[in-house]
Structures are given as structure tokens and as C-alpha cells.
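Notes for the one structure printed next.
Just so you know, all these numbers are worked out from the coordinates, no wet-lab data involved. Just so it is clear, the structure is predicted and the values come from calculations on it, not from any experiment. Glycine gets a Cβ as well: all are built from the backbone with ideal geometry, and neighbour counts include every protein chain shown.
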Amino acid sequence: MRKTNFKVDIIPILFLTVVVCVSVIALAYVNSITYEKIETAKLDAFKEKLSVHFADMTDFTSNDANDCYIVFTNDDIAGYAVKATGSGYGGTIELLVALEPTNIISTDDLIIRGLSVISHSETPGLGDKITKSSFQNQFMGVAFSGIELSKTGGAIDAISGATISSKGVINGIVSSIEARFDSLVELVSSVEVS
């Protein structure tokens, strides 16, 4: 059995341990410095997306855990918004769905006010056309029940050559709103009671 040589066996391990510890501490420090700035930048970008659909927006409230929002103009409810995610050809599509301020009893009462793509990784020149106003404007004024492709009786025309991306947006809106509907109703009720 070989004897342990301190210089050959132990010093490299100690050196790597010190390097790893210093790196972890440095990363934690940088994260603590930049975290607030990153979160502020994300919030500003989100407010900008909301203001596209609610030009007179003065404030908004949310239940962050469920990505549901109520938008206010002064003290009046201007509308609602829900973050949605769908699966496109290139991966996940993150959306912001703006809704008219209707009396919400069921999903049938929801009317789309507007749509914004927060992020995507769709094919440039094809699937990325989901970011174009010509596609997004089709959703304006559409009742929740009409959010499906026109070839299946809905109000939305698919992007030529990017049907998977188009379906990803539609399925993302429908599934996300259905999954978050109770949370949206609860949020609206809590604001109306306050």
C-alpha cells in the first residue's frame, strides 16, 4: 500500500477547495449586488408590456404565485392580465394576455383586450411572427370561447408555415387561463371587497 504524499495528494485537494469556496462567495456577493437591479428591470419591462394594453394604467396588483394581475386607472379597475405559457416549435412561449374588465363569473365572460409575447425561441422568419401585430391583433375583442384557429371554427388565423407556433400561443392562452381562472376570480373579489 502506498503512503499518502502530502504534496502530491492533499495540497491539490486543499487548493481546489479554496478556489471553489472563493468562487461561491464571489458569486453570492455579485448576486446580492445585482439581484435588486435585475428584479427592478424585470418589473419595469413587465409594466411596459402592461402599458401597451392599458395606456392609462396608474397601478396594478397581483397574486404573484399565480401570475394574475388587476390593472388600475386611478382607483378604477381598467382590466385584468394573466401570464400564459405555451409550447411552440422552438420551445416555451411566454405571453401576457390582457383582458377587458368584465364581470367574471366563468371563462365565457372573458374578452381578450390584447396579447404580448414576453419571450420565445421560435424560428426566425417563421414562428417568430407571433410577435408581429398582424398576428397579435387578431386576439383583440375575441371572447375566450373563440380562441382557436379559424380552420376549426375559431377567430384566429394561423401563421402560414408556423402552425405549431400559432397553436402554441392559442393552447398556452386557453390552458393558462383555465388553470388560473379561480385565482383571477379570487384576486378580483379581494380587490372589490377592500
*Determine the dipole magnitude for the chain: charges of +1 sit on the beta-carbon of Lys and Arg, -1 on that of Asp and Glu, nothing else is charged, the reference point is the Cα centre, and the result goes in debye to the nearest 20.*
1320
_Cα lying deepest toward the dipole's positive end in the chain, options A41, L27, F135, charges on Cβ_ = L27
*May I ask for the distance between the Cα centers of segment 115-194 and segment 1-70, given as a whole number of Å?*
30
*asked:* Placing +1 on the Cβ of each Lys and Arg and -1 on the Cβ of each Asp and Glu in the chain, which of L14, A98, V174 has its Cα farthest towards the positive end of the resulting dipole?
replied: L14
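Compute the Cα gyration tensor for segment 38-114, then decide on rounded, prolate or oblate, letting a ≥ b ≥ c be the square roots of its eigenvalues: rounded whenever a/c is under 1.5, prolate when a/b is larger than b/c in the other cases, and oblate in all that remain.
Taking the square roots of the gyration eigenvalues as a ≥ b ≥ c, segment 38-114 is oblate.
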*Step through the table entries K132/K167; K47/K167; K42/K129; K47/K129; K42/K83, compare each Cα-Cα distance with 19 Å, and write down the pairs that go over it.*
K47/K167; K42/K129; K47/K129
*Of all DSSP beta bridges located in the chain, what percent are antiparallel, nearest 5?*
95
*Can you pull out the trypsin sites (Lys or Arg not before Pro) in segment 62-144 that DSSP calls coil and that have at most 14 other Cβ atoms within 10 Å?*
K132
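Rounded, prolate or oblate, given the Cα gyration tensor of segment 1-53, with a/c below 1.5 counting as rounded?
prolate
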*asked:* With n ≥ 4 as the cut-off for DSSP H runs, can you work out [θ] at 222 nm for the chain, using -39500 (n - 2.57) per run divided by the number of residues, rounded to the nearest 500?
replied: -14500 deg cm²/dmol
_the chain, relative contact order [Cα under 8 Å, separation at least 6], %_ = 17
